[in-house]
Amino acid sequence: MVIGHESAGVVAKVGSKVKNLTVGDRVAIEPGVPCYKCDHCKQGSYNLCPDMVFCATPPYDGNLTRYYKHAADFCFKLPDHVTMEEGALLEPLSVGVHACKRAGVSLGSRVLILGAGPIGLVTLLVAQSMGATEILITDLVQHRLDIAKELGATHTLLLTSDDTAEQVVDCVHHTMFEDPDISIDCCGAENSTRLAIFATRAGGVVVIVGMGLPEMKLPLFNALAREVDIRGVFRYCNDYAAALALVASGRVTVKRLVTHHFDIMETQKAFETAHSGTGGVIKVMIHVQPRNTNNPVKF
């Protein structure tokens, strides 16, 4: 099957009933189109639609192609000063927006983020923009933590694969001086989810973004006895417009996340680079046309 779901493109053709777009418009593509008919859609939670057509989710092909047909309602026109690359990055950024909204990040929030991969880093950016004043982010790779520090993390914490949640929680509390109000797990590993629960203050919130094993051993009694809410995140819902506004306004800068660029004919090399994790890779961008072809301003 064709893969790809983080993308931006140029409108080549529109249907007769499309009023919001014209040929030549540069757009960011929200990759999931719901049924519009089920209770979830009618109630506004279209990300939970059981009949969602989502790019690169079987049986549907993705949009790593030269041409792709998509619903106009889920194409967001880019201002001239927003690049195609930034448009493509609205997809992971929307995950961060949805996670922070689910977590209730607000002015003065103390936030712990588990994982400094792409989703952890965009969550960091969004949490800052929503008013979090203290953010600690963890990872197993120092380079990722260095980037997190560049992006504004208050604290970073390098972990090892041998660290247990019980051991690390003391480091978290020592570093932040107070327990975090919110912990956002962007890894999905059992140990990181356990750490999120143990570290969060009583009455706080744990949001699980990363998808790990179907079943995990978690300290539920610890969470229940301290009234720590555990909330899930599935993709995003009504978040693309907010993500675009953050980038267009300059409140959030995602350019630092793109570390490698490849032409579409180099797709295999691009995926090998992303898979290897070497060379300081964070996000790998594949260009259907030569870089900056459709950018009024260079990326």
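The values are calculated or read from the model by the stated rules, or taken from the named source; none is laboratory data. Bear in mind that the values here come from a model prediction, so they are computed numbers and not experimental data. A quick note on method: Cβ atoms are made from the backbone with ideal geometry, for glycine too, and the neighbour counts reach across all protein chains shown.
Some points to look at:
- Restricting the stretch 116-152 to residues that are crowded, with 24+ Cβ neighbours inside 10 Å and assigned to a loop (DSSP other than H, G, I, E, B), the residue that is nearest to the chain's Cα centre (by Cα) is Ala116.
- Which numbered condition Thr259 misses (of (1) in contact with a helix residue (DSSP H, G or I) (Cβ under 7 Å, 6 or more places away or on another chain); (2) of a type in the set (Val, Ile, Thr); (3) under 22 Å from Val126 (Cβ atoms)): (1)
- Candidate set: the stretch 278-294, residues that are within 23 Å of the chain's Cα centre (by Cα) and in contact (Cβ under 8 Å) with a residue 60 or more places away in the chain; chosen: the one surrounded by the fewest Cβ atoms within 10 Å (Cβ to Cβ): Gly280
- Every residue from the stretch 5-63 that is without any contact (Cβ under 8 Å) to a residue 40 or more places away in the chain and assigned to a helix (DSSP H, G or I): Asp39, His40, Cys41, Lys42
- The helices (runs of 4 or more DSSP H) located wholly in the stretch 189-299 that include 2 or more residues which are modelled with pLDDT of 95 or more and over 23 Å from Ile137 (Cβ atoms) occupy 220-225, 240-249, 267-276.
- Residue selected from the stretch 69-87 under the condition part of a loop (DSSP other than H, G, I, E, B) and either in contact (Cβ under 8 Å) with a residue 60 or more places away in the chain or touching a helix residue (DSSP H, G or I) at 6+ places or on another chain (Cβ under 7 Å) (or both), by the criterion nearest to Tyr240 (Cα to Cα): Leu78
- The stretch 177-188 - residue that is at pLDDT 95 or above and not β-branched (Val, Ile, Thr) and, of those, surrounded by the fewest Cβ atoms within 10 Å (Cβ to Cβ): Asp179
- The listed residues are Leu158, Leu145, Leu195, Leu218, and the only one of them that is touching a residue at least 12 places away in the same chain (Cβ under 8 Å), under 14 Å from Leu121 (Cα atoms) and among the aliphatic types (A, V, I, L, M) turns out to be Leu145.
- Matching entry among Ala223, Ala202 (being without any contact (Cβ under 8 Å) to a residue 40 or more places away in the chain, over 21 Å from Ala99 (Cβ atoms) and not charged (D, E, K, R)): Ala202
- Checking Val207, Val254 one by one, the residue that is of a type in the set (A, V, I, L, M), surrounded by 14 or more Cβ atoms within 10 Å (Cβ to Cβ) and more than 24 Å from Ala8 (Cβ to Cβ) is Val207 and no other.
- So Leu158, is it assigned by the TED database to the domain that holds Gly280 and either in contact with a Lys or Arg (Cβ under 6 Å, 6 or more places away or on another chain) or modelled with pLDDT of 95 or more (or both): yes
Yes/no matrix, rows are residues, columns are (1) over 24 Å from Val95 (Cβ atoms); (2) in the same structural domain as Tyr67 (by the TED database); (3) exposed (fewer than 10 other Cβ atoms within 10 Å of the Cβ); (4) within 26 Å of the chain's Cα centre (by Cα):
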site: Lys13; (1), (2), (3), (4): yes, yes, yes, no
site: Lys17; (1), (2), (3), (4): yes, yes, yes, no
site: Thr22; (1), (2), (3), (4): yes, yes, no, no
site: Arg26; (1), (2), (3), (4): no, yes, no, yes
site: Val33; (1), (2), (3), (4): no, yes, no, yes
site: Lys37; (1), (2), (3), (4): yes, yes, no, no
site: Lys42; (1), (2), (3), (4): no, yes, no, yes
site: Tyr46; (1), (2), (3), (4): no, yes, no, yes
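- Within the stretch 161-204, the residues that satisfy the criterion of being of a type in the set (S, T, N, Q) and under 20 Å from the mean Cα position of the chain (by Cα) are Ser183, Ser192, Thr193.
- In the stretch 103-112 there is at least one residue that is among the basic types (Lys, Arg), touching a strand residue (DSSP E or B) at 6+ places or on another chain (Cβ under 8 Å) and assigned by the TED database to the domain that holds Val233.
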